[in-house]
1. Treating region 68-157 as a set of equal point scatterers at the Cα positions, no solvent, please give the Debye-formula log₁₀ I(q)/I(0) at q = 0.24 Å⁻¹.
2. First obtain the Kirkwood hydrodynamic radius of region 269-315 from its Cα pairs, then insert it into the Stokes-Einstein equation at 20 °C and 1.002 mPa s, and state the resulting D in µm² per second as a whole number.
3. Taking the Cβ-Cβ separation of residue 37 and residue 289 as r and a Förster radius of 30 Å, what is the calculated FRET efficiency to the nearest 0.05?
4. If one computes P(r) from the Cα atoms of region 123-196, what percent of pairs lie at distances over 16 Å?
5. Give me the number: length gained by fully extending residue 166 to residue 75, i.e. 0.36 nm times residue separation minus the C-alpha to C-alpha distance, one decimal in nm.
6. Along each of its three principal axes, how wide is the spread of alpha-carbon positions in region 161-204, in whole angstrom units, largest first?
7. Starting from the Kirkwood Rh over alpha-carbon pairs, what translational D in µm² s⁻¹ does region 59-209 have by Stokes-Einstein at 10 °C and 1.306 mPa s?
Amino acid sequence: MSVTLVEAAKYSNDVLQKGIIELFVRKDPIFDKMGFIEILGNGLTYNVESAEAEAQFYSVGDTWVESTPEVTQTTANLVILGGDADVDNFLLATRSNINDLKQEAIAAKVKAVKKKYMDAFYYGHTTLDAKGFNGLHKLIESATYNTVAIGSASGTEVLLELHYLEEAIDLVKVETPQLIVMTKLMRRSINKYLHGVGGVTYREAADGRVQTLFGVDVAVSDYARDTENVLNEYATGKWGYDSDVATTGTATSIFVLSFSPKACQGIQQGNMAIEDLGVLETKDAHRFRIKWYASLMLQNILTCTKVTGVDPDGVVAA
């Protein structure tokens, strides 16, 4: 069974644990939609369909050709993510509201844990960080099935034409596209074009209006970046970044995601937890530990796509 962290928080009987989960997922379009599967052990092995099966017409007496999907076995390993937050005992003794001080320290650490997870969600690569997990750029890397790579082979980002995004949406099969994710700068560039040709489209939702493109909800992420390096991506021969992904360029990517056990899916062993480690021996402070055993998987490569090598602040066209 797959449950979003938003739903998991509702069923938690631990008030402090419920509080850190709610803080973690607050106003986040990914965690609003992405479910997490509870697993036993330290990882989940699953088959990734890397090529579709084919069929053909035959004449009487023809030799039939076998064709099955190409499947690659992959393991999504749980990682240990977390951090310690120390609260100074002197401040605990002298501040008028002890709970406020604890909450400030814990909230700051939750923010750091979320930043680390979401950075890996987009840019994680276990070859570069064996303690982490593979993120979307690594999981979505097929030039045939799920990647519209528009940047030049020389490493230059290219202006976005919206038909490239429409192509990426059309590549999503098996599931229905649920979310288009981009940076704030990329959205501003797209909206500047849209305002010039008729306006931005929206749909009404429970929490307000949601922008749409080609009938799919649009969301921005502070964790996707406008500093992707096109050359390092294209040099691999595939389309998953393997070095200097997010800090040495001026490009960005747009992701088209669906969420389900076969699509963009989190795994975890137990909910995010907080431990009170008590008073420290070598430091006049009280320590709290936030930890989470979690990872990310994409079982069917036809369920999520991306447009990559995009100039985020350039002029957008049709």
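1. -1.18
2. Answer from the Stokes-Einstein relation: 135 µm²/s.
3. 0.80
4. When every Cα pair of region 123-196 is considered, 65 percent fall beyond 16 Å.
5. Contour length minus the Cα-Cα distance gives 29.6 nm.
6. 34, 27, 20 Å, listed from the longest principal axis down.
7. Answer, rounded: 75 µm²/s.
Every read-out reported here was derived from the displayed coordinates using simple, explicitly stated rules and does not represent laboratory data. Everything numeric in this text was worked out from a predicted model, so none of it was measured. With ideal geometry, Cβ positions are generated from the backbone for all residues, glycine too; neighbour counts draw on all protein chains shown.
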